[in-house]
Amino acid sequence: MSKHPEKKGKLLIFSAPSGSGKTTLVKYILDQIQGLTFSISATSRPPRAGEEDGKDYYFLTPDQFRKKIAENAFIEFEEVYPDVFYGTLVDQIASKRAAGNHIVFDVDVVGGLNLKKHFGQDALAIFIKAPSLDILAERLKQRGTDSNESIQKRIEKAEWEMRFANRFDVVLINDQLEKAQQELKSIITKFLKP
Ligand code: ADP
Ligand code: 5GP
């Protein structure tokens, strides 16, 4: 073994059913812990108002996305609906890790498990869970960003996604926000210790 092991960043993977509080918690962790960098995914869905190319996502056409798949440019990718792809670019990761940055991923449940499989012990896969489906539904309503139909679809998907929770390294129940934030900070700080 080398006397001077390469200083390589670790990986923090966040997955959750929609409405569990993943965005809120990821934002908190990025604010609170030094040396973290967010992995910007590629997608072929159109940008939403206020989203910027290269900041929120790399926005590609479906054909550009397919070309990158053929070039093996992705660690993992998924076609969520016909022609709507999401994926993690190889390029995004290697240089950031080599510079010693820890990388934060916000991906869906299947993508999260694929990344965990790829990175093994270097990665901590965290599943964020609302205390119950009723509370999840309530939070989605209160967030006010989705139609009733979209909320219903998200709840149905959540029941399916919940079945994958026990394959993650950590299942964090986001009940009282402050408590969940502290718990998460402590788990991550411990994992990132050299
Ligand atoms: P996700 O990214 O998982 O879809 P969000 O972070 O957008 O979820 O959270 C969904 C909604 O619930 C938001 O309006 C957020 O402010 C709220 N929220 C997040 N965590 C809690 C919590 N612990 N208690 C109450 N509301 C919460
Ligand atoms: P949105 O369209 O709301 O930005 O994201 C939809 C879903 O795609 C979310 O669950 C998000 O976590 C997931 N997602 C974003 N980037 C990636 C990625 O690179 N890979 C995978 N598998 N899912 C992603």
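Just so it is clear, none of the values below were taken in a lab; they were calculated from the coordinates. Keep in mind that this is a model prediction, so the values were computed, not measured. Neighbour counts are summed over all protein chains in view; Cβ atoms, including those assigned to glycine, are modelled from backbone coordinates with ideal geometry.
Just a few scattered comments:
- Among the listed pairs 22/67; 8/185; 22/190; 129/153; 27/96; 55/117, those beyond 23 Å (Cα-Cα): 22/67; 55/117
- Each Cα pair under 8 Å and six or more residues apart adds its sequence gap; the mean of these over the residue count of segment 5-85 is a relative contact order of 22 percent.
- Gain on full extension, evaluated as 0.36 nm per residue between residue 156 and residue 81 minus their Cα-Cα distance, stands at 25.4 nm.
- Placing R0 at 45 angstrom, the Cβ-Cβ distance between residue 145 and residue 70 gives a FRET efficiency of 0.85 after rounding to 0.05.
- Residue-averaged [θ]222 nm for the chain, counting only DSSP H segments that reach four residues, each worth -39500 (n - 2.57): -13000 deg cm²/dmol
- Estimated distance in nm for a label pair at residue 118 and residue 191, the labels positioned 7 Å out from Cα along Cα-to-Cβ: 1.6 nm
- Most fluctuating residue given options 49, 125, 180, as computed from a GNM of the chain linking Cα atoms under 10 Å: 49
- Under the simplified labelling scheme, the residue 138-residue 31 pair shows an inter-label distance of 2.3 nm, with each label point 7 Å from Cα along Cα→Cβ.
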